[in-house]
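The values are calculated or read from the model by the stated rules, or taken from the named source; none is laboratory data. Here the structure is a predicted model, which is why all the values come from computation and not from measurement. Cβ sites come from the backbone with ideal geometry, for glycine too, and all protein chains shown count toward neighbours.
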Amino acid sequence: MKSLFFAILTIFRYIGKFFRFIRNSVLNLLLLSMVLLLIFAFLPEKKSTVSPNTILNLTISGNIVEEKMSLSALEKFFGSTMNSEAEPETLLQQIIDTIDTAAEDENISALRLDLRKLKHGGLNQLQVIGKAIERFRATNKKVIAAEDYFTQTQYYLASYADNVIINPMGVVDIHGFGTYRLYFKEALEKLQVNYNIFKVGTYKSALEPFTRNNMSAEDRRQNEVWLSALWQIYTDDVSRQRKLEKDAIEKYTTDVAAQLLLTDGDAAELALKLGFIDQILTRQQLASYLKSISGDQNNGAVNTISSHDYFNRVKQSYQNDNPDLEKVGIIIAEGNIVPGKQPAGLIGGDSLGEMIRKARKDSQVKAVVLRINSGGGSAFASEIIRQELLALQKSGKPLVVSMGSVAASGGYWVAANADEIWASPATITGSIGIFGAIPTFEKTLASFGVYSDGIGTTPLASGLDLTQPLPEQLRSAIQQNVTHGYNQFLNIVSEGRELERSHVEGIAQGRVFDGLTAKSLGLVDKLGSLNDAVAAAAKLATLTNFEPVYIHRTMTVKDQFFRYLTTQFIKVSDIDGLKITNPAIMRFKNSVYSRLENLLQMEDPRGIYAYSFTTLAL
């Protein structure tokens, strides 16, 4: 019996050793992986050599942005977050700097636009890139755009190329601009959700998805105006670059079926016939064509360099820090406006306020340019940011606002007091109006046999208990608060832009405008780029010898380390194979998510928002 006991004990001892070995092995492997990752992360990148007659492959992936979102390693690893999809983004300024550096590089003979992964870019962003391509071509270097097919966004940039090429099975997908939303009124009724709506403004259509099953006549009218203005810009630019017949794009977009009859349904041949492209080439023919431009490398491949490898040679704008020069500080405000401290990709009232204070307290920063790319959000956070900007101006430092693709509602609230506002003709702005929306679920719960009851010391004791209907006094108080906020918005615009209150009332009501119309109404001072806004800020501060620099978020050493580490981790750990890649499913997912994303980011301590849900389907 004793021998059996020791035999069993010995078996368990060996089992314990086995599991200890497995545990130690796994831990050691993890430790080794971390060490290797650290070594990889901090190794200096090898500077790529560029031989003469090289083609620069300029890859533009995902969405074109002016500030990349900050995502944690877990968010990136699992592919999505409640705030955004973890998709690639490309910085606008990085694209411009790469093109301009290549234009001066005698070893770069041509630029190939790699647009196959480009998803979305604001029309004014595309225009800025187009101007950079024009500067490149002005150095007598060739620009090539060659893809299997072109989306509407991709084709805008492709139109600036000397030679536009598609595959025999390809198509140029130009279909026009539109703005489409999901409407939830019937669904909310079926779910018995009691959505309490508070708003001011005939054209403030942000809440229509909750109150209607379709677009209102007022919203349809205003959308038609600015969509037509932006579509005219797109068609004019493309027609000019491609030297198209006046009605070529109109024929293509309004009667494509009849047009395809002329080429027996061959979309690539139709694009060639109409002048949208220059050549139809297979991938093998394209490779031969590129070799004829640059020559072969030793391994027989085309003599090219990727923009990623080339970037270590790029002269990055607004990144210098010469202690002897005075500065024009540039602050990027991109994303929805929400309270508190927020990561890049969202505009936090506290985090953006911190950057504004940083610029105000920096004695070398003599003026500030605030680059806004936002449809707004929390009215409270918008006002917190505006107060910080007023303090900046009170300190004697001029403030110039440069509007990106959109600077509307809360984005305009923030901009209104600037010394000058610059926009592009393709900017979407205005939407002066606010709203409140509070859902309660007492009827939904009751349909499941769940009820909420209790007692309080006052009629308002239940507060914003979403299981209780809103007390009538609270409903009245919220509406009065919204009305007060709207009047406050009107006063801010009237005083900030030095416009008559009656004029502001006439153009407010939540109406959205393109940049050109906004300038004619006095909401925008001048039309121009970020560089133009920087020059204007320097002039207001009477600077002659200065440099523009980005004002970055304050990050601790720990923040910087983990941000860099997680970036390197994602480079090593590619799990794209785990993602859904079916094109139809991806398009549906992206379409639905893009329309719900802004709803998920609504956050305001009073439930009051200055937000425009206007989106452009480019």
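Going by the conditions given, is Asn320 of a type outside the set (D, E, K, R), in a helix (DSSP H, G or I), touching an Asp or Glu at 6+ places or on another chain (Cβ under 8 Å) and at negative phi?
No: the conditions fail for Asn320.
Of the conditions (1) surrounded by 12 or more Cβ atoms within 10 Å (Cβ to Cβ); (2) within 19 Å of Glu383 (Cβ to Cβ); (3) without any contact (Cβ under 8 Å) to a residue 12 or more places away in the chain, Gln480 satisfies every one except a single condition; which number is it?
For Gln480, the exception is condition (1).
Phe210 versus (1) more than 28 Å from Thr444 (Cα to Cα); (2) outside any strand (DSSP E or B): which is the lone unmet condition?
Of (1) more than 28 Å from Thr444 (Cα to Cα); (2) outside any strand (DSSP E or B), only one is false for Phe210: (1).
How do the pairs read when you match residues in the stretch 173-191 that are at positive phi with residues anywhere that are surrounded by 11 or more Cβ atoms within 10 Å (Cβ to Cβ), using Cβ under 8 Å and keeping only pairs 6 or more apart or on different chains?
Cβ pairs passing all conditions: Gly176/Trp231; Gly176/Thr253.
I'd like to verify a number: residues in the stretch 498-525 that are under 26 Å from Lys394 (Cβ atoms) and crowded, with 20+ Cβ neighbours inside 10 Å, how many?
Number of matching residues: 3.
Only one of these conditions is not met by Ala248: (1) at pLDDT below 95; (2) surrounded by fewer than 17 Cβ atoms within 10 Å (Cβ to Cβ). Which number is it?
(2)
Considering only strands (runs of 3 or more DSSP E) fully contained in the stretch 351-410, which possess at least 3 residues that are in contact with a Gly (Cβ under 8 Å, 6 or more places away or on another chain) and within 23 Å of Thr517 (Cβ to Cβ)?
Correct list: 365-374, 399-408.
It is to be established whether one or more residues within the stretch 441-453 are of a type in the set (Phe, Trp, Tyr) and in a helix (DSSP H, G or I).
no
Please tell me if Ala146 is touching a helix residue (DSSP H, G or I) at 6+ places or on another chain (Cβ under 7 Å) and closer than 25 Å to Pro88 by Cα.
yes
Going by the structure shown, is Gly528 of a type outside the set (Val, Ile, Thr), within 25 Å of the chain's Cα centre (by Cα), crowded, with 20+ Cβ neighbours inside 10 Å and assigned by TED's automatic domain parsing to the domain that holds Phe435?
No.
I need the full set of residues from the stretch 105-145 which are small (Gly, Ala, Ser) and within 16 Å of the chain's Cα centre (by Cα), in order please.
Matches in the stretch 105-145: Gly121, Gly122.
What pairs come up if the first residue lies in the stretch 383-400 and is in the same structural domain as Ile331 (by TED's automatic domain parsing), the second is part of a loop (DSSP other than H, G, I, E, B) and at pLDDT below 95, and their beta carbons are under 8 Å apart, counting only those six or more places apart or on different chains?
Matching pairs, first to second residue: Ile384/Pro339.
Which numbered condition trips up Val504, out of (1) more than 30 Å from Asn194 (Cα to Cα); (2) part of a loop (DSSP other than H, G, I, E, B)?
All conditions are met except number (2).
Would you confirm, using the coordinates I've provided, whether Asn491 is surrounded by fewer than 18 Cβ atoms within 10 Å (Cβ to Cβ), at pLDDT 85 or above and not acidic (Asp, Glu)?
yes
For the stretch 509-525, which positions are assigned to a loop (DSSP other than H, G, I, E, B) and at pLDDT 95 or above?
Gly522, Leu523, Val524, Asp525
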